[in-house]
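Presented below is the structure to which this report refers.
What follows draws every value from the coordinates through simple rules; no lab data is involved. The model shown is predicted, which means the values in this text are computed figures rather than measured ones. Virtual Cβ from ideal backbone geometry, glycine too; neighbours counted across all protein chains shown.
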Number of protein chains: 2
Amino acid sequence: MEDAVQALEGSSMTVAGRLALAIHEHRLAPGTKLVEDEVGEIFGVSRTVVRAALQQLAHDRLVTLKRNHGATVAQPTIREAREVFEARALLEPRTARSAAERTKPDDIVRLQRHIDEEHDALHAGDAGRALRLSGLFHIEIARIADQDTICAFVSQLVARSSLIIALYWQRRNALCESHAHHALLRALAENDGASAEELMKGHLLDLVSSLDLRNLPGPPRTLAEALGR
Amino acid sequence: MEDAVQALEGSSMTVAGRLALAIHEHRLAPGTKLVEDEVGEIFGVSRTVVRAALQQLAHDRLVTLKRNHGATVAQPTIREAREVFEARALLEPRTARSAAERTKPDDIVRLQRHIDEEHDALHAGDAGRALRLSGLFHIEIARIADQDTICAFVSQLVARSSLIIALYWQRRNALCESHAHHALLRALAENDGASAEELMKGHLLDLVSSLDLRNLPGPPRTLAEALGR
DNA sequence: GTCGGCGAAATTGTATACAATGATCCACAC
DNA sequence: GTGTGGATCATTGTATACAATTTCGCCGAC
């Protein structure tokens, strides 16, 4: 089953989507260099379309683009990590509220399927896929709220969150996710906007508190990066 | 004086910045076709860099990119217009609050200068430039709040707002702007977060109410567009 | 042994060439 | 006169070629 990252036309979109998926699922680690020729060879396209894809990903802050130095998978700083979750705290709770106020039965089954698949993936040992599905749950809520603009922002923030989790996740408290999502689902099913807003707010707070955002810099990917460019 | 749109390296950034500026200042109307060869000729670069610039602008939703049909300056629908201001309502008031809590004297003079220049531009008959400066005021506040991520979102929303104003502005009530910005400036100067938040909320509401967002579709640009693609 | 610089290799930035797709216009049949 | 078909043109999509820049290894001087 191909994800919603796809469905966009144009081969550069395809390349961008597949790279994004790999990043979401933690198969491409933060800091990984993305050489245009290599990527092009892998996907069987020319550098032209690879460059377009990389530019797109750079705009979503999934890769960092430095002039004459090419693209690397982004390594959000602690500061950026905090900012991302502050932005999510501003956007998602209110969005969850308006989503709840217009949730229809169809939406519930779709969300339930996300939760189930996430559960399956986790038990199959595919943590990357589980994480990706967990993010899609949030995006789906923004979509139910019927706010394309906010949905786009949330999508971007969720994507960056995936990178942040890759860098700053601490092992303890592993399975807080499912509970929160289940509770949210129930609030949505009952069209209980106030609860949905509160639950989302709490869920996001739980998420940041499961991160290790103290002053330690994230593990640098190359020695060169560690000593400054 | 070159604007903050610039300062980005890379020639495609330059092209994107100059196009964006033209759109902000309403010198490029919504719906205008942007042919790659033409733009390239104007700026003295090849289609390669023009395409990169257009892609960037498309990501900011300033231009619409349709496969095999090229780029046009975006024409936000009424629905999109509402969404943009709903997103701004979610982001900007709280951001104004935290900006107020950390506003320093330097910031005040910078904001004051924005207001003054806006005033000058208006009296010089350069409404486009005035609008642009008015938008920069909002962006500057997000910057003072020291939130890069939210600042990027606000920048994008302000840019789209410029297009929305171009399409849906109604003549009556012309000069509500300056008062609101002045009041905001005072709240910031006094580090009064609560007031800043309220003022921003009200200011955004004023803005949408000065738009004509009833069901009439925006003026279509070409006959072909009017009859469906 | 270490530092500095020179040169080759690798990589990105930009332009151009060609292919593919869609738009336009004119001829021709009805 | 109207509508349809096809050739031509304009424009975008993609690949490739070349220039500019950076990186890395090697060599020599101190």
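Charge dipole of chain B (Cα centre as origin; +1 on each Lys and Arg Cβ, -1 on each Asp and Glu Cβ, all else neutral): 920 debye, rounded to the nearest 20.
The rotation axis taking chain B to chain A passes closest to the C-beta of one chain B residue; that residue and the distance in whole Å read B:HIS59, 2.
The share of Cα pairs per 20 Å bin across the protein assembly as shown, counted from zero up to the longest distance, runs 22, 57, 20, 0 percent.
The rule of thumb for compact globular proteins, 2.2 N^0.38 Å, goes into the C-alpha radius of gyration of chain B 1.04 times. Here the Karplus curve 6.51 cos²θ - 1.76 cosθ + 1.60, taken at θ = phi - 60°, turns the phi angles of the stretch B:117-133 into couplings of 4, 4, 4, 4, 4, 4, 6, 7, x, 9, 5, x, 5, 4, 4, 4, 5 Hz, with x standing for Gly and Pro. Across the stretch B:109-158, the mean sequence separation of Cα contacts (distance under 8 Å, 6 or more residues apart), normalised by length, yields a relative contact order of 30 percent. Remark: relative contact order (chain A) = 26 percent; criterion is Cα-Cα distance under 8 angstrom and separation of 6 or more residues.
Remark: the stretch B:180-197, residue by residue, has Karplus-estimated 3J(HN,Hα) of 4, 5, 4, 4, 4, 4, 5, 4, 5, 4, 8, 6, 9, x, 4, 4, 4, 4 Hz, where x stands for each Gly or Pro and the curve is 6.51 cos²θ - 1.76 cosθ + 1.60 at θ = phi - 60°. Put the Cα centre of the stretch A:75-122 next to the Cα centre of the stretch B:51-114 and the gap is 23 Å. What are the trypsin sites (Lys or Arg not before Pro) within the stretch A:114-202 that DSSP puts in a loop, where the Cβ has at most 10 other Cβ atoms within 10 Å? Here the trypsin sites (Lys or Arg not before Pro) that fit, given the DSSP loop and packing criteria, are A:ARG171, A:ARG172. Inter-copy label distances at A:ASN191, shortest first and taken from points set 7 Å along Cα to Cβ: 4.7 nm. Across the copies of the chain, A:GLY125 has label points (7 Å from Cα along Cα→Cβ) spaced 7.6 nm apart, shortest distance listed first. Taken one residue at a time, the phi angles of the stretch B:85-97 give Karplus couplings (6.51, -1.76, 1.60, θ = phi - 60°) of 6, 5, 5, 4, 5, 6, 8, 6, x, 4, 5, 4, 4 Hz. Gly and Pro are set to x.
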